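For reference, the structure discussed in these notes is given below.
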Amino acid sequence: MNGIIDLSAFRVVLAYLFVIIVLVIVRLRGINREKEIVISSLRMTLQLILTGYILVYVFRYPNPFITGGIIFLMEAFSVYTIFKKFKGKLSASLKKVVVISMSIGTLSCLLYFLLVVVRITPWYNPQYFVPIAGMLIGNSMTGISLGIKSLIEGMTTQKALVEEALILGATPQVATRSIINSTFDAAILPTIQSMVGMGIVFLPGMMTGQILSGTSPTTAIAYQIAIMFGILGAVALTVIIMLQLGYRTFFNKEDQLEDQLYKV
Amino acid sequence: MFEFYDVKYKDVLDLPKLEIKQEEITTFIGASGSGKTTILRMLNKLISPTQGRIIFNGTDLRQINSVAHRRTVSMLSQSPAIFDGSIRDNLNVGLRFQERELARDKDLNHILEQVKLNKPLEASANTLSGGEKQRLALGRILLLNSKVYLLDEPSSALDDETEEMIIQMLTEHVKREKKTIVMVTHSKAIAEKYSDTIIEISKGRCLTWRCNDERNN
Ligand SMILES: Nc1ncnc2c1ncn2[C@@H]1O[C@H](COP(=O)(O)OP(=O)(O)OP(=O)(O)O)[C@@H](O)[C@H]1O
Ligand SMILES: [Mg+2]
């Protein structure tokens with residue numbers, strides 16, 4: 001920790017000036033968002049303070065079970081967020097697919113990244129596990145959200161074409177191929193685009209944090225490059241697993257389209 | 001070829017007994033909403049009866065793989081969807097879906113002639129008129145060369161003259177190749193003139209069932 005200026009609580013409060021500016025603008029323009037802005041600012045503050053103290057404890061007493069528990073909570077929360085986002089629109093089987101794809105996709109990439117690429121010691125070192133799991137799971141969650149949205153939309157708007165393909169003797173897999181491909185595209189596009197602007201348009205959050213805390217920019221860059229590939233891999237893998245299992249949930253065992261594509 | 005035993009579909013259909021014979025032209029007639037399309041969709045295994053069973057050539061349809069069945073029994077749906085692309089793409093689409101070898105242009109043009117569609121293969125399929133799309137969809141399933149055709153109002157968007165020509169071509173083709181047609185039509189005249197058996201459906205039930213014996217004699 002060489003050379004980083006410690007931000008005292010008082011000076012963090014000064015940063016709340018930004019929130020006040022936004023509130024004033026919103027009030028003057030008559031946009032009805034004050035409540036949300038205040039609530040989400042306070043919520044973020046509380047969540048981060050709490051997380052900070054928990055992490056201090058977790059890093060001081062590394063323990064494989066605690067690390068595992070935190071990863072589990074992250075997964076559970078991301079799955080819960082996805083379910084909430086599509087309130088009621090997901091069938092029970094599609095929900096199961098979300099759980100399977102999120103856990104297999106992110107965990108395999110996480111373990112590969114930490115144990116093969118970075119080679120952390122001890123293997124459960126929470127200082128690496130927790131932040132990197134956060135990035136992989138968070139980005140995969142966004143990817144799955146985009147993917148599910150596009151999949152449901154595709155299956156709804158193109159239902160007639162899918163059914164026509166079935167009538168003409170296509171397997172469900174062939175009948176949904178174009179929907180699946182465009183869904184995959186929609187889900188990983190943001191990740192690909194964020195790689196393009198990286199380092200020129202903006203310095204990514206993780207790198208910024210490392211540089212601020214005194215890490216040499218070249219080390220920070222090495223990490224950033226590796227983590228971006230990790231994120232790309234995790235997003236692609238979760239979305240692919242979700243699609244490979246997910247399209248089937250729109251069909252029954254008899255290869256017939258389910259009457260209701262998703263619950264209303 | 002198809003036998004129905006106590007078949008029900010939700011509260012839409014109730015058919016205690018029904019038989020469709022091989023190498024015949026069987027026509028369903030009946031008011032709108034009576035359940036004709038639903039019957040064809042069951043024959044294609046696009047939906048399954050909620051009760052009862054359908055026997056296809058001696059085997060319960062439930063025991064037959066759906067995709068394989070749909071490749072044996074080709075259906076022209078009531079409002080067939082047209083895919084993006086050219087007329088050639090749309091004719092070939094069934095073969096592509098069934099992972100079969102695509103047809104050569106010579107054969108495609110022959111099919112277009114049969115369905116009286118005088119358009120180049122490169123033309124976009126989306127700009128065709130309703131009746132032209134219907135004939136394109138008919139051509140696309142004729143290309144599959146199946147033993148059984150299920151046709152849901154194959155001539156509903158056509159003028160009388162074209163309708164007559166198309167149905168004439170279909171019946172001749174089927175009789176020559178010893179194939180089977182199950183079709184739905186709104187036109188009593190067409191039903192009387194070309195069918196071996198006419199089945200009238202009313203409110204999901206089989207109302208009358210008659211064989212055109214005098215025509216066969
Ligand atoms: N999946 C379904 N679930 C419940 N009811 C359905 C379903 N599909 C069709 N129906 C109903 O069954 C009835 C018969 O529909 P069907 O399409 O078979 O009629 P049809 O005889 O082909 O009519 P038309 O001549 O207008 O094409 C209609 O009232 C329709 O609303
Ligand atoms: Mg109908």
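The values are calculated or read from the model by the stated rules, or taken from the named source; none is laboratory data. On a predicted model such as this, the values are computed, not experimentally measured, just so you know. Note that we place each Cβ from the backbone using ideal geometry, even for glycine, and neighbour counts take in every protein chain shown. Heads up: the accessible areas ignore ligands, DNA and RNA and are worked out on the full protein's heavy atoms, side chains in. Shrake-Rupley method; radii C 1.70, N 1.55, O 1.52, S 1.80 Å.
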Long-range amide H partners of residue B:29, meaning residues 5 or more apart or on another chain whose placed amide H is closer than 5 Å, are B:199, B:200, B:201
Of the accessible area of the protein assembly as shown, computed with a 1.4 Å probe and all protein chains kept, carbon and sulfur make up a percent value of 60 percent
Checking rank on A:113-123, A:201-211, with mean other Cβ inside 10 Å and highest first, the result is A:201-211, A:113-123
Under 5 Å from the placed amide H of residue B:78, counting only residues 5+ away or on other chains, we find none
Treating only Lys and Arg (+1) and Asp and Glu (-1) as charged, each at its beta carbon, one finds that region A:64-261 has a dipole about its Cα centre, in Debye to the nearest 20, of 400 debye
1/(1 + (r/R0)^6) with r = Cβ-Cβ of residue A:34 and residue A:59, R0 = 35 Å, i.e. FRET efficiency to nearest 0.05, evaluates to 0.40
Listed by chain and number, the lysines with an alpha carbon less than 16 angstrom from that of residue B:119, same-chain partners under 8 positions apart left out, are B:106, B:133
Here the whole-number average of other chain Cβ atoms within 10 Å per Cβ of A:169-180 is 4
Within 10 Å of the Cβ of an average residue in A:157-168, the count of other chain Cβ atoms is 6
Rounded to one decimal in nm, the spacing of the 7 Å Cα→Cβ label points at residue A:202 and residue B:55 is 6.9 nm
Over all directions, chain B yields a Cα convex hull whose mean projected area in nm² is 11.8 nm²
The correct pair for region A:36-159, radius of gyration to one decimal and Dmax as a whole number, both in Å and from Cα atoms, is 16.8, 55
accessible surface per residue for chain B, probe 1.4 Å, DNA/RNA/ligands not counted, whole Å² -> 45 Å²
To the nearest 10 degrees, the tilt of helix B:105-114 (Cα long axis) against the first principal axis of the alpha carbons of chain B is 50 degrees
Straight-line reach check, residue B:45, cutoff 22 Å on alpha carbons, 8 or more apart in-chain or any other chain, hits among lysines -> A:159, A:253, B:8, B:10, B:17, B:21, B:36, B:147, B:179, B:203
Highest mean packing first, using Cβ neighbours within 10 angstrom, the peptides A:237-247, B:174-184 sort as A:237-247, B:174-184
Taking r as the C-beta separation of residue A:181 and residue A:229 and R0 as 25 Å, the FRET efficiency to the nearest 0.05 is 0.65
Pseudo-spin-label distance residue A:80 to residue A:41, built 7 Å along Cα→Cβ, given in nm, is 2.6 nm
For the protein assembly as shown, one quarter of the surface area of the C-alpha convex hull, expressed in nm², comes to 31.7 nm²
Per principal axis, largest first, the Cα atoms of region A:1-107 extend in Å by 47, 44, 18
Checking B:199, B:29, B:64 against a Gaussian network model of chain B (alpha-carbon springs below 10 Å), the top fluctuating residue turns out to be B:64
Expected integer from the mean partner chain Cβ neighbour count at 10 Å over B:39-49 is 2
Note on chain A: the mean projected area of its alpha-carbon convex hull, in nm², is 17.9 nm²
Here FRET efficiency (C-beta to C-beta, residue A:125 to residue B:126, R₀ 56 Å, nearest 0.05) is 0.45
Place a point 7 Å from the Cα of residue A:115 in the direction of its beta carbon; the residues of region A:124-151 whose amide N falls under 11 Å from it are A:124
Averaging 1/r across every pair of distinct alpha carbons in region B:1-125 and inverting yields a Kirkwood hydrodynamic radius, in angstrom, of 16.8 Å
Taking a ≥ b ≥ c as the square roots of the eigenvalues of the Cα gyration tensor, with a/c under 1.5 meaning rounded and otherwise prolate when a/b exceeds b/c and oblate if not, region A:1-61 is oblate
